[in-house]
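To keep things clear, I will list the structure first and then write my remarks on it.
The values are calculated or read from the model by the stated rules, or taken from the named source; none is laboratory data. Remember, predicted model here, so these are calculated numbers, not experimental data. In this analysis, Cβ positions are derived from the backbone assuming ideal geometry, glycine residues included, and neighbour counts consider all displayed protein chains.
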Amino acid sequence: MKFSFDRDSLLKEIVIAQEIIATKNAISILSNVLLEAQNGSLIIRATDIKVHFETRIPVDVQEAGSTTVFCDKFMSILSSLPSGEIEFEQNDIKINIKPVTKKAKFQLKSITSDKFPETTSSEGISFFDVPVKEFKEMINQTVFSVSDDETRYFMNGVFMEKKNDELLLVATDGRRLAYISKNFGFSLPDFKGIIIPPKILSIINKRATDEGPIAIGVGEKNIFFRFANYEFSSVLIEGQFPNYNRVIPESQSSSFSVDSKDLLEALKRVALLVEQKSRRIYLNVGPGTLTISSQETEIGTAREEIPCRYDGEELTIALNYLYVEEPVKVIGTERVTFEFTEAMKAITIKADPDKDFFHIVMPMQME
């Protein structure tokens, strides 16, 4: 196999491939990226068995062929070279990499492409398009609420389903829940609810631009995403996602709203003296004032007051401060609203004014 390529074009794709790869072991085929040169194109594939990545770029192919190369070192070599044309030539198991403008030469060992794991094909899968910017917003509002408890594997991903003509994403770890629904103004195809691993969603969120559509294909055991010249796929998480509707309060009698920036800055300061295992803080809300305080420890305590819009009875709620901070950061509006009924029942955090998403947090015991 022999071809030449533009350094910047290939490096961009190899960086993405390295994000997919799970192992950094040089002798493992899963540390390698597959390169296949044919018909003026270079096909690039990477996998960690569960998540797959494929793209192609134009190259000057002198001799067609395929091989795999240790991705980490290949990326390091490309990063060290100046922009411009680079020659890639394979002889037996050795690969020579030479920049045209420099008297430098690198040699890497390869593993034959027939050892590379087969990836699941999207052939026969029906795709539907949604605006990529709105889908990325859906990921932002949910992915951080996924559980990391592997014994409850059915909560280790984001649940996606179609409900009427809306696309829903929901995530929960059993103590908080994130929910967002989007009506794109057109009909979506029917598919059963699925659980998507967070890794592929995080990669899409990072790598997709905000322009144009993203094509989504739902298979029996896999999900596929296409945008620009990329195709990503992932094995779905099996199991029954919890009935999230039971967690969503039908109505809540009280609410207060605060400035998001004031709240985040106060949380940051109070969290300096939070007990790190429980992360418990207290929100004491009274007419016109929200007081945020940490639980007293051997080190000390912290307390801060910020203005709020509230005219009800005074109430104190204990919460994990991360379960407040993380939703407020992604909500992204100048003000946020907290809806509640009583101290030990679910708290709903919403944008102010209301949008098509919300976050539910379960209070902690008042210790």
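Here is a check on your reading of the model: is Met155 in contact with a Leu (Cβ under 7 Å, 6 or more places away or on another chain) and touching a residue at least 40 places away in the same chain (Cβ under 8 Å)? So Met155 does not fit the description; no. Taking strands (runs of 3 or more DSSP E) as the structural unit, those lying wholly within the stretch 138-242 and holding at least 2 residues that are closer than 27 Å to Lys12 by Cβ correspond to 213-218, 222-227, 230-235. Hey, does the stretch 326-333 have a residue that's at pLDDT below 95 and in contact with a strand residue (DSSP E or B) (Cβ under 6 Å, 6 or more places away or on another chain)? No, that holds for no residue.
Scanning the stretch 259-310 for residues that are modelled with pLDDT of 95 or more and in a loop (DSSP other than H, G, I, E, B) yields Pro287, Gly288, Ala302, Tyr310. Out of the residues in the stretch 156-183 that are in contact with an Asp or Glu (Cβ under 7 Å, 6 or more places away or on another chain) and among the hydrophobic types (A, V, I, L, M, F, W, C), state the one that is surrounded by the fewest Cβ atoms within 10 Å (Cβ to Cβ). Here the residue is Leu168.
Among the numbered conditions (1) within 30 Å of Asn205 (Cα to Cα); (2) in contact (Cβ under 8 Å) with a residue 24 or more places away in the chain; (3) of a type outside the set (A, V, I, L, M), tell me where Gln276 comes up short. The failed condition is (2).
When the stretch 230-268 is filtered for residues that are more than 26 Å from the chain's Cα centre (by Cα) and more than 30 Å from Ser294 (Cβ to Cβ), the ones remaining, listed by number, are Glu250, Ser251.
Scanning the stretch 21-30 for residues that are in contact with a strand residue (DSSP E or B) (Cβ under 7 Å, 6 or more places away or on another chain) and either at pLDDT 95 or above or over 18 Å from Glu118 (Cα atoms) (or both) yields a count of 1.
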